[in-house]
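A short write-up of the structure that comes next.
The values are calculated or read from the model by the stated rules, or taken from the named source; none is laboratory data. Source: prediction; values computed, not measured. Because the Cβ atoms are built from the backbone with ideal geometry, glycine has one as well, and the counts that use them run over all protein chains shown.
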Amino acid sequence: MIRFIDLWLSRHAEPSAAAVAAVANLKPMTVVTGGSRGIGLALARRFAKAGHDVALVARDADVAQVAAASIARELHVTALAIPLDVTDASAAQRIDAHLADNGFYLGVLINCAGIGLSGRFVSHDENAIQRLLDVNVDAPTRLMRHALPAMLARAEGGIINVASLGGLVPGPNQAAYYASKAYVVSLTRAVATENAGSGVRMMALAPGPVDTGFHHAMGAELSFYRQLILALSADQTSRRLPRLRRRLPPRRPRRYRKVAANRALDHSARRSAAAHRLAAAPPRGEAMERYRR
């Protein structure tokens, strides 16, 4: 069944031989922003349990290092800590460099870093709103735009954008936060549709309340929805993902790379043959005259 799903998701895939060869000596890694705690850490552990090497991106280097060491020790995978702020304009390039220095490339991107704001919209400082937009909107957009071309060229990979149940409805007293998550949901759906069948999987995870300290940090612990909706743990939230394939190979085997290269060459040959037939075809009037005869 999984094999059939893979074939369907790759029905329009056209892997580039050069792109596949560029990572031939590297291993794929799942990169999780906001991966040192909460939902991000739970998702990193979920992927690690399935055999994926993981990188935790977070501002606090010490916390990220402790979390990465715990994953590596308990789940027997490679776990890296990448201390940086995702709002940094060079964040994507720094992540790539850190991975390459350790023999990896970005195979799956999980955008989980996020912050919230609680209270009436007019009560928020403009800088606080801009900071929320930088983290919740700009950062995942830039990281996704950076990672997607290489994934499409290899016809493999995945992007998970962590949104929120709040992204599906307007949220008075958390207006900017709800709107930022609505953007994430809309962007993910649209880009996933644009690239359907490419071999790259994309989804938005939209959990309801989760007991991670997130709501307490933004002063929303006593909000009505916290009393109305049963909160899940971060681990329960991570288990809501579709079933992960157990122990993906660290890189595609030679046989696949050869097939990918052949597919790329076959596609180029088909285009050349089509162009040749078009150039050799008789003018339209002459063709119609032959048809009448």
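Only one of the numbered conditions (1) over 22 Å from Arg240 (Cα atoms); (2) over 21 Å from the mean Cα position of the chain (by Cα); (3) surrounded by fewer than 19 Cβ atoms within 10 Å (Cβ to Cβ) is violated by Gln174, and that is (3). Asp134 falls short on exactly one of the conditions (1) on the phi < 0 side of the Ramachandran plot; (2) surrounded by 20 or more Cβ atoms within 10 Å (Cβ to Cβ), and that condition is (2). Here the condition is being closer than 23 Å to Leu148 by Cβ and among the basic types (Lys, Arg); of Arg94, Arg45, it holds for Arg94 alone. For region 14-38, the tally of residues that are buried (at least 18 other Cβ atoms within 10 Å of the Cβ) and either in contact with a helix residue (DSSP H, G or I) (Cβ under 8 Å, 6 or more places away or on another chain) or not assigned by TED's automatic domain parsing to the domain that holds Arg59 (or both) stands at 15.
When region 146-157 is filtered for residues that are part of a helix (DSSP H, G or I) and hydrophobic (A, V, I, L, M, F, W, C), the ones remaining, listed by number, are Ala147, Leu148, Ala150, Met151, Leu152, Ala153.
Between Ala55, Ala64, Ala44, the distinction of being buried (at least 24 other Cβ atoms within 10 Å of the Cβ), at pLDDT 95 or above and over 18 Å from Val162 (Cα atoms) belongs to Ala64 only. In this structure, is Val86 of a type in the set (A, V, I, L, M, F, W, C) and assigned to a loop (DSSP other than H, G, I, E, B)? Yes, satisfied.
Only residues that are aliphatic (A, V, I, L, M) and more than 15 Å from the chain's Cα centre (by Cα): list them for region 104-148, please.
Taking region 104-148 as the starting set, the residues that turn out to be aliphatic (A, V, I, L, M) are 106, 108-110, 113, 115, 117, 122, 128-129, 132-133, 135, 137, 139, 143-144, 147-148.
The answer is Ile115, Leu117, Val122, Ala128, Ile129, Leu132, Leu133, Val135.
Quick check on this structure: which one of Asp88, Asp101, Asp125, Asp96 is acidic (Asp, Glu), surrounded by fewer than 16 Cβ atoms within 10 Å (Cβ to Cβ) and within 17 Å of Val23 (Cα to Cα)?
Values: Asp88 fails: within 17 Å of Val23 (Cα to Cα); Asp125 fails: within 17 Å of Val23 (Cα to Cα); Asp96 fails: surrounded by fewer than 16 Cβ atoms within 10 Å (Cβ to Cβ).
Within the list Asp88, Asp101, Asp125, Asp96, the selection yields Asp101.
Return a yes/no flag: does region 110-132 have any residue that is part of a helix (DSSP H, G or I), within 23 Å of Thr237 (Cβ to Cβ), small (Gly, Ala, Ser) and assigned by TED's automatic domain parsing to the domain that holds Glu14. First the steps, then the outcome.
Quick first cut of region 110-132, residues part of a helix (DSSP H, G or I) only: 121-123, 126-132.
Next cut, within 23 Å of Thr237 (Cβ to Cβ) only: 132.
When the remaining residues are screened for being small (Gly, Ala, Ser), the result is none.
No, because not a single residue in region 110-132 is part of a helix (DSSP H, G or I), within 23 Å of Thr237 (Cβ to Cβ), small (Gly, Ala, Ser) and assigned by TED's automatic domain parsing to the domain that holds Glu14.
Per-residue answers, yes or no, for (1) assigned by TED's automatic domain parsing to the domain that holds Phe121; (2) modelled with pLDDT under 95; (3) part of a loop (DSSP other than H, G, I, E, B); (4) in contact with a strand residue (DSSP E or B) (Cβ under 8 Å, 6 or more places away or on another chain):
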{"residue": "Ile159", "(1), (2), (3), (4)": "yes, no, no, yes"}
{"residue": "Pro172", "(1), (2), (3), (4)": "yes, yes, yes, no"}
{"residue": "Tyr178", "(1), (2), (3), (4)": "yes, yes, no, no"}
{"residue": "Leu187", "(1), (2), (3), (4)": "yes, no, no, yes"}
{"residue": "Ala190", "(1), (2), (3), (4)": "yes, no, no, no"}
{"residue": "Thr212", "(1), (2), (3), (4)": "yes, yes, yes, no"}
{"residue": "Glu221", "(1), (2), (3), (4)": "yes, yes, yes, no"}
